[in-house]
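Below: one structure, written as C-alpha cells.
Laboratory data are not the source of any read-out in this text; all were calculated from the coordinates shown. A quick note: this is a predicted structure, and the numbers were derived from the prediction, not measured. Cβ placement follows ideal geometry from the backbone for every residue including glycine, while neighbour counts extend to all protein chains displayed.
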Amino acid sequence: MHPAPPHTPPCVHALPALMAMTPPALQTLVEAVHGAGDLARTYMQMYYVFLLVNQHEAALGMQARALQQGRLYRLENSRPPTLRLLVLMGPGHMQDNTPIEFVLHGSSIQTEILYLLPGEELPAELPAHDIAFIAVGESGKNASLLAALQTRAASWPRPLINQPTAIAHCARERCYTLLKDLPGVCMPRTQRLRRGDALEMPFPVTLRPVDTQGGEGLQRVDDAAALQAYYASHPADAYYAAQYIDYQSADACYRKLRIVLIDGTPFVCHLAISAHWMVHYLSAGMADSAAKRQEEQRVMEGFDQDFAQRFGAPLRAIADALQLDYVTIDCAEGPDGQLLVFEADSRGLIHAADPVELYPYKPAVMHKAFDAFAALLHRRAAQGPATARP
C-alpha cells in the first residue's frame, strides 16, 4: 500500500469536542454543517451528535450513510499540526473501536479516521500519514478486519501502533492464558463455552455472552440450576465463564481501577468504588459521594508513588505479555495482595470529560496519559516503520 495523493477529507467535531460545547454553540455547528451541503460531513457529524444525546441507533444510521459517501474523515483541530495520524476503524458503536478521540482531544496531532468495512479489500492507496493506529477492537465482528490488517501490517509504509496480532490477545480466554501464570498477577480462570458445554471450574462463576461490553448480560451464577436459567434468559452463540473471586474490602465495598499501559508505562484513569461486585464507574455513585471522590483523588494523585510502585513488576509483565503499545486493564488489589486483573482491552474508554466542578483533580492526571500517548506517536514516527513493541 502506498500513500495517496493529498486530499482534504470532511472535517467533523468528535464527541469530546461536542461535550464541551454550550447548547447554542452546538446548534450553530449543526446548522452550519447542514448548510454546507457536504453529505459525507453532515452524516458523520450527526453520528457524533446523536451519540452525544444517547441516540445510538440513530447514530449508527448516520454513520452508515456517511460511509456510503466516503470512508475518510478528519477530526476538527484548531492547533497547528505537529504530526499526521491515521486511525483505522471499523463501523459500529464506540465499543467496537478504541475511542481514541478522547485521548487526542486538544492535541496538536492531525487525526484522520479511515473506516474499513468487513468483506472489502483494504485500499491500495492510503491517505498521507506519519504514523497509523489500529483502533479496530477484538471481537467476532471485527475478526475479518483484523485478519486483513495482519496480512498488510508487515508492508505498511509507516509505523503502526497496536499490531493486529497483539490486539487478538484481548480475547478473554486468550488474555487469561497469557496472564494466568505471571508472578504477582491473579486473573480469574476463564473459559469460552457454548450452551451444554461442561463447566471446567467450580461455582460460583460470572457469565456473559461473548462480544459484550460494559457489563451487558454479566451475572454471577452460583449453581447448575442458575446456569441453566441464565442460558434460557440470555440466548447467545457463546459465553465467557470466569471464576468469581471475592475482592470485597473491609468496608464492604469493591474497588476497581482502570489503568492504561502506554508503551508499557502505567497511567491511572479512574477508581470506581461500589457496594456491588460488578463495578462500573457510571453506576458506582461516584458523583453522589464526596468521600468516594476524595479517595479516588488520593489514589490518582498518588498512583506513581503507591500503586504503580507496589505492582510495578506485575504491570511490566502484563505489558510484555500483551505486546500492545496501548491497552487498558481493569484491575483491583486482590485479597491475597496480588494484582487482580479482570480484563485487558484496547477499546477501554479513558477521558477527561467528567465535570471539573466535581472532579477537579482529574484533568491534570489524565493529561499525563494523553501527553504520554502523543509522545509515543512522535517517538515512533521518528524511528520509522520497523518499530513494533519489542
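Of note:
- Shape of the stretch 97-162, Cα gyration tensor, a/c cut at 1.5: oblate
- Label positions at residue 233 and residue 358, each projected 7 Å from the Cα along the C-beta direction, are separated by 2.9 nm.
- Most tightly packed first, judged by the mean number of other beta-carbon atoms within 10 Å of their residues, the peptides 339-348, 117-126, 73-82 read 339-348, 73-82, 117-126.
- Close Lys pairs in the chain, defined as Cα atoms under 24 Å apart and 8 or more places apart or on different chains, number 6.
- Virtual spin-label span in nm between residue 226 and residue 78, 7 Å along Cα→Cβ: 5.3 nm
- Separation of the residue 125 and residue 198 label points, Cα + 7 Å toward Cβ, nm: 5.9 nm
- Gain upon complete extension [residue 368, residue 276; 0.36 nm per residue less C-alpha separation]: 30.1 nm
- 10 °C / 1.306 mPa s Stokes-Einstein diffusion coefficient of the stretch 2-162, Kirkwood radius on C-alpha pairs, µm²/s: 98 µm²/s
- Our estimate of slack between residue 290 and residue 375, defined as 0.36 nm per intervening residue step minus the Cα-Cα distance, is 27.2 nm.
- Normalising the Debye intensity of the chain to I(0), with uniform scatterers on Cα atoms only, and taking log10 at q = 0.08, 0.09 Å⁻¹ returns -0.43, -0.55.
- Peptides ranked, highest mean first, by Cβ atoms within 10 Å: ranges 252-265, 130-143, 148-161: 130-143, 252-265, 148-161
- Distance between the stretch 218-292 and the stretch 345-374 - C-alpha centres, whole angstrom: 21 Å
- Beta bridges per DSSP with both ends in the chain, % antiparallel, nearest 5: 65 percent
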